[in-house]
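The values are calculated or read from the model by the stated rules, or taken from the named source; none is laboratory data. Since this is a predicted model, take the numbers as computed values, not measurements. A quick note on method: Cβ atoms are made from the backbone with ideal geometry, for glycine too, and the neighbour counts reach across all protein chains shown. Note: areas computed on protein heavy atoms with side chains; ligands, DNA, RNA excluded. Shrake-Rupley method; radii C 1.70, N 1.55, O 1.52, S 1.80 Å.
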Amino acid sequence: MFKSTLYKKVNWSRNVSLLILTVLLVGVSGKIIMAHEKLRTYKEAVKLYQSGELVAAEEKFRAAKLNVFVTDHNKDIKQKLSILSPIRKAMEEFDNKAANYKKENDLDKLVSIYDSWQESQKKWVSGTSVQKDMYGEMEAMTNLDRDMKGYFSTIKKVNLDKLVHDSINGISEEEEIYTILNKIPAEYYGKRSSAKTKEVQTTFENYYSTKLYKIIENGAVSSIVDEGNRQFSALKELSMDSDWLEETLDVNLLRIVTKAMNKKDYAAFADAASTIKKLEGNMNDTKVFVYIEKSTGEALTKAENLTAANQYKDAISIYEALKPLKDTAELVSKANLAWDQYQPIRVLERLYTGKEFSTFVNTSNKFGGDSVVAAISTDGGIYYGQLTGEEAMVVTEGSIEGAPAIYKLVFQSSLSSSEHPVLYIDAKSSERKHHYLAYEVSGGSMVNILDVKADGLTIESNQVLVVDNPVGQGEGELAYFEPDLNGKYQFTKTKETYEEINVENIANYFGKKVRFTAYTDSQLDDGMLVTLSETFNESTEEWKKTYLLLKGYSEFTTYTSYTVSGVFDSYTDINDENGETIRVPVFQVEKVE
């Protein structure tokens, strides 16, 4: 029993020892194998490193480092990896993150990665030759340069296309595009350092100018000005040059206001100019503003000259048209006042809006007023209006019975002995050719001082009228009318009329009133002889004369020319210079001139 137990113990101990020995042999063998493997990998890495295949070398060095069973060459491996691995890791990170940020459309992070890449690139390229070569291999392997160019070029194109195709809504999106384009690295705009700035500015200028010219083509000044101010604000916000915008607006807006002025369309000019003035803060000293000020002054001067020339309507139309540019209310008021004084009928028309004045006459600086007007309405109303300074018109009213058609209306002060206005009217009459009327304006009323129907009327002298064939007294004759004690014209007498003749023809006018001029010959006891004819008788060798005897005037002198009026009404016998009795016509002189 004892032997058996001891045997078992000895046998178990031997087995355990064999097991341990086996394990030890396996461990030693494995270590030897791993050592050989690490050495082989290391040698491959060194070989690759020395041949310039740095990415592959870095991979082998990493594999060798992972072999922890032996520590051979760890120091060199660590040293090599400290150079190569940071470049590999950074480039892989740059590549992966750039792809992700592009996918996420996160430009800021993409630019941040680009900046980190460029900073690292600068360090590596300017570092050791190994760093430079390792970077070159990683760049080629990751295609990071090509990928970055593609990412940024796509973003650039998308945003430039928005400008080209004008698919933008508002300045906020313009600012966003401007910001995006400026975030894109300069190298993707060209080789020159100024290429980025130039392309962005040129693109925006083309975008803004294209947008502006479309509005200019439509010709709406307000739209042009609104867009101009919007673009000035945008360019200022974007810190971009606006000289081109100022020049474009100046040229086109100047063309618009010049066209209006050339057509004398002052309203269009003023409307356009007042709208253009909204740009004053952005382009105050440009040609269009100089032209607006100059043209406004010229238009005001023209209106002033028109006013001086009594062309008030045209002057006021200019003043009214210029109101958007200048407060012309006072100028309009003064022109209207001057117009009222020049044509006071306007005031009557405003005072009596329902009346139609068929006939009117006006004068100035008479009867104590600056201007006065007399007018007759179609319904037979008579109106006398007087203006003094800026005072309201003082109006006196009257009427004509029957509202006849009016041939003539004048002021005729010679019909009155006073200095009051007298309105003389020539109207239509059913009984004669004319109906003559006169009204004296006195004490706020109209006094009728003449009312006669006749075929004609002349004013022979102050307050003496000669009326042809009046109705009533003097009918069929030329009649004198003169004012009575109340100043109203009445018939006074008929007027004698004489027909103008040559004295030689007196024999043809027996019994008629005639007037002629004759040269006196010789005095008789009862009158003065006038030679009518003189002939020479050759048989008797004597002169033979015919005479006319003028009677009724005792102041004749011989051999003098007289103009006389009267009637040839008889014959008488006289002895001529030869002692012969001859029969001569007798002319009764009524008037000698």
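Summary of computed values
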| item | result |
| --- | --- |
| Span per principal axis, largest first, for the Cα atoms of segment 56-96 (Å) | 35, 15, 14 |
| FRET E, pair THR353, SER233, Förster distance 41 Å, beta-carbon r, rounded to 0.05 | 0.20 |
| Sites GLU280 and VAL158 - FRET efficiency at Förster radius 30 Å, r taken between beta-carbons, to 0.05 | 0.20 |
| Percent of alpha-carbon pairs separated by more than 16 Å within segment 532-581 | 56 |
| With Cα atoms, 0 to 90° folded angle of helix 266-276 axis to the chain main axis | 20 |
| Relative contact order (%) - segment 366-422, alpha-carbon pairs under 8 angstrom, separation at least six | 27 |
| Å² per residue, accessible surface of segment 180-304 at 1.4 Å | 52 |
| Two-site label geometry, GLN201 and LYS326: point separation in nm, points 7 Å out along Cα→Cβ | 4.0 |
| Tilt relative to the chain, helix 54-66 - C-alpha long axis, 0 to 90 degrees, to 10 | 50 |
| Folded to 0 to 90 degrees: helix 144-164 orientation relative to the chain principal axis, Cα | 20 |
| Cα gyration tensor shape for segment 60-136, rounded if a/c is under 1.5, else prolate or oblate | oblate |
| Area accessible to solvent at VAL394, 1.4 Å probe radius, in Å² | 100 |
| Reachable aspartates and glutamates from LYS287, criterion Cα separation under 14 angstrom, eight or more residues apart if same chain | ASP243, GLU246, GLU247, ASP250 |
| The chain, helix-only ellipticity at 222 nm - DSSP H runs n ≥ 4, -39,500 (n - 2.57), divided by all residues, nearest 500 | -16500 deg cm²/dmol |
| Residue-count net charge about LEU387 - beta-carbon cut-off 10 Å; Lys, Arg +1, Asp, Glu -1 | -4 |
| Estimated FRET transfer efficiency (ARG146, SER172; beta-carbon r; R0 45 Å; 0.05) | 0.85 |
| In Å, descending, principal axis extents of the Cα set of segment 357-434 | 43, 27, 15 |
| Accessible-area composition of the chain, carbon plus sulfur, in percent [1.4 Å probe] | 49 |
| Among (1) 0.95; (2) 1.02; (3) 1.63, the entry derived from the coordinates for Rg/Rh (Cα atoms, Kirkwood Rh) | (3) |
| Distance (nanometres) between label positions extended 7 Å along Cα→Cβ at ALA99 and ASP573 | 16.6 |
| Nitroxide proxy distance, nm - points 7 Å out along Cα→Cβ at LYS183 and GLN588 | 13.1 |
| Solvent-accessible surface ranking, highest first, for ILE87, ILE256 at 1.4 angstrom | ILE256, ILE87 |
| Average Cα contact separation per residue, segment 490-557, under 8 Å, 6 or more apart, as relative contact order % | 23 |
| Gyration tensor verdict on segment 154-200 (Cα atoms; rounded if a/c is under 1.5, prolate if a/b is larger than b/c, oblate otherwise) | prolate |
| Solvent-accessible area per residue for segment 420-461 (1.4 angstrom probe, square angstrom) | 41 |
| Chain lengthening between GLN79 and GLU304 when straightened (0.36 nm per residue, less Cα-Cα) | 71.2 nm |
| Accessible area of GLU227 in the full protein assembly, 1.4 Å probe (Å², nearest 10) | 20 |
| Rounded if a/c under 1.5, otherwise prolate or oblate - segment 187-326, Cα gyration tensor axes | prolate |
| Packing rank of 259-271, 298-310, where each peptide gets the mean count of other beta carbons within 10 Å, highest leading | 259-271, 298-310 |
| For the chain: relative contact order, % (alpha-carbon pairs under 8 angstrom, 6 or more apart) | 4 |
| When each of LYS149/LYS211; LYS103/LYS156; LYS157/LYS214 is checked by Cα-Cα distance, pairs over 26 Å | LYS149/LYS211 |
